[in-house]
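Reviewing the structure listed below.
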Amino acid sequence: MRLGAGYVGILAALGVIHAQQAQNPSPMVEHTRAHPRLAEQPAPVGRREPLEVGNLFLPTGLRNGAPILFFFHGDPWVAEIAAAQNKTALVSAQVGNGSGVYTRLFEDPQRFLRLLAEAEAKSGTKFGRVIIGGWSAGCGAVRQVIKTPASYQRVNAVLVIDGIHDDYVGGQPGPLESQLDPPNLDVWMPLLRDAVAGRKSLIITHSEIFPGTYASTTETADALLKTLGVPRRAVLRWGPMGLQQLSEAKAGRFLLMGFAGNSAPDHVDQLHSLPVFLKWLR
């Protein structure tokens, strides 16, 4: 399956990059509300080490047994700010466009645990809670990691930011409610059930971007909730970075949040909300 992230598809529609799968264009700008952004400078203080995949960041003052976040896609400095604010070690990786490149990172089922061991060796410490997260295309890496039982067992918490897509059965949306390809969503169900039972923590977010040629994060969220049997309720509140939250579903240690917006800035708003999402997850 070839999935392009929402923002990747938007850029591809304008000829900026070549997406793995075509997407109907979405607006590159919108002016109905402000879209604040984190400030890149000054960079968080800490130690940085290259790894087999991505880079390790150890904020100053990190304690032995601190949690570690593996975060995929998006500007690494955004993840560093989130790690520094939450006193969390970080492995960040930005390896390309489209979820396929992130999925291939962990086709070797031993690679994630090997990466964790490398991070511990270079930091000189044993990490406590292991958190994995991704934004947009980076959720392909998250999906691949949780498919491996040994890696899944080591993971305590997961953060999935506007990035769970799927194919339509028959290759196109239906006239009313579309049919989604079940196997691609079934991968997520053990994690959702464990979060509801309190065995793991999970936050999933989505926007209102509808790619058209493959299922949106809204549609996949609806499908997952239906299978899980957890209802969605309407809300109307401000979220981080000026996000407008429209809905939520929660049970146990599982939280799903739906946010307004079908433009590129709405998609990026969620990435820049990472420091807050990580705080809520912890």
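The residues Trp188, Trp135, when put in order of fewest to most other Cβ atoms within 10 Å, stand as Trp188, Trp135.
The value of relative contact order for the chain, using C-alpha pairs under 8 Å at least six residues apart, is 20 percent. Highest mobility in the GNM of the chain, judged by mean-square fluctuation with C-alpha springs under 10 Å and restricted to His267, His31, His73, is found for His31. Per-residue ellipticity at 222 nm from helix content only, as computed over the chain with -39500 (n - 2.57) for each DSSP H run of at least four residues, stands at -9000 deg cm²/dmol.
What does the C-alpha gyration tensor say about the overall shape of the stretch 204-282? Classify as rounded when a/c is under 1.5, otherwise prolate if a/b is larger than b/c, or oblate. It comes out oblate by the Cα gyration axes.
Does the stretch 17-113 come out rounded, prolate or oblate, given a ≥ b ≥ c as the square roots of the eigenvalues of its C-alpha gyration tensor, rounded meaning a/c under 1.5 and, failing that, prolate meaning a/b above b/c? Judged from the Cα gyration tensor, the stretch 17-113 comes out oblate (a/c at least 1.5, b/c at or above a/b).
Loop-located GluC sites (Glu not before Pro) across the stretch 80-137 with a Cβ neighbour count of 16 or fewer within 10 Å are Glu107, with loop assigned by DSSP. Springs between Cα atoms under 10 Å define the GNM used for the chain, and in it the highest mean-square fluctuation of Gln144, Gln41, Gln172 occurs at Gln41.
Put a plus charge on the Cβ of each Lys and Arg, a minus charge on the Cβ of each Asp and Glu, and nothing anywhere else: the dipole of the chain about its Cα centre is then about 1180 debye. Note on the stretch 31-159: with charges restricted to the Cβ of Lys and Arg (+1) and Asp and Glu (-1), its dipole about the Cα centre is near 320 debye. Residues whose amide H lies under 5 Å from that of Ser201, counting only those 5 or more places away or on a different chain, are Ala157, Val158; hydrogens are built 1.01 Å from N in the peptide plane. Here Glu40, Glu208 are placed in order of increasing Cβ neighbour count within 10 Å, fewest first, which gives Glu40, Glu208. In the chain, a dipole from Cβ-located charges (positive for Lys and Arg, negative for Asp and Glu) runs towards its positive end, and of Thr32, Leu255, Val160 it is Leu255 whose Cα lies farthest in that direction.
Looking at the stretch 167-212, the trypsin sites (Lys or Arg not before Pro) that sit in a DSSP loop and have at most 16 other Cβ atoms within 10 Å of their own Cβ are Arg199.
Going through (i) 69, 42, 38; (ii) 56, 39, 36; (iii) 80, 39, 37, the figure that equals Cα extents along the principal axes in Å as computed for the structure here is (ii).
Among Val155, Val276, a tally of other beta-carbon atoms within 10 Å of each Cβ gives an order, fewest to most, of Val276, Val155.
Taken together, the values in this text are just the output of simple stated rules run on the coordinates, not laboratory data. For clarity, every value in this text was computed on a predicted model and none was experimentally measured. Glycine also receives a Cβ, built like all others from the backbone with ideal geometry; neighbour counts cover every protein chain displayed.
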